[in-house]
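First up is the structure itself, then whatever we jot down about it.
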Amino acid sequence: MELAKIEQLLEKYFEGETTIAEEIQLKQYFSSEKVAAHLEHYKPLFGYLTTEKEEKFTPSLSLKTKKRFTVARIGIAASLLFSIGTIAYLNYKPTQPPQVANAELGTFESPEEAFEETQKALALLSEKVNIGMKSVNYINEYENSKNLIFKK
């Protein structure tokens, strides 16, 4: 067979446009001893296709399954998790909330004490709100920068 025709058939083969007859020609060419040196690296491809076609499937199934081993693993893992959860639950001691000095929740002996505690609570609230407002300022700055970049 001509070398140019083989090269043409190879191009068609790799583009998926060959017919069965053309593929048979390629297999015959590459199974022969007269393969051009620059096409030698295609020989294993076509040799593989012919040897694999002759191979027969011989099923050999193992009837033993390993379900018992898998079930055992799942059972052990479940019992470990249950044990750890039970131990953690039994050893859990909730922390007590801090006690308010000289008073139960919301009751004070004098109005001055109530006023002082109210001022402390409002100061704490103001501090936390100011921290939150700083975050909002960062978000506003981000929005302004984004609008400048994307020109909305």
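How many nm is it between the label spots at GLN96 and GLN8, if each spot is 7 Å from the Cα in line with the beta carbon?
Going from the GLN96 label point to the GLN8 one covers 9.8 nm.
Can you check what the net charge comes to around ASN140, using other residues whose Cβ is under 12 Å from the Cβ of ASN140 (Lys, Arg +1; Asp, Glu -1)?
Result for the local shell: 0.
Once fully extended, how much extra length lies between LYS146 and GLU23, figured as 0.36 nm per residue of separation less the alpha-carbon to alpha-carbon distance?
Gain in length upon complete extension: 38.2 nm.
Using only the alpha carbons of region 104-152, what is the convex hull's orientation-averaged projected area in square nanometres?
Details: hull surface 18.4 nm².
Average projection, Cα convex hull of region 104-152: 4.6 nm².
Bear in mind that the values in this text are calculations on the coordinates, not laboratory data. Please read these numbers as outputs of a predicted model, since none were measured by experiment. Reconstructed Cβ throughout: ideal geometry from the backbone, glycine too, with neighbour counts over all protein chains shown.
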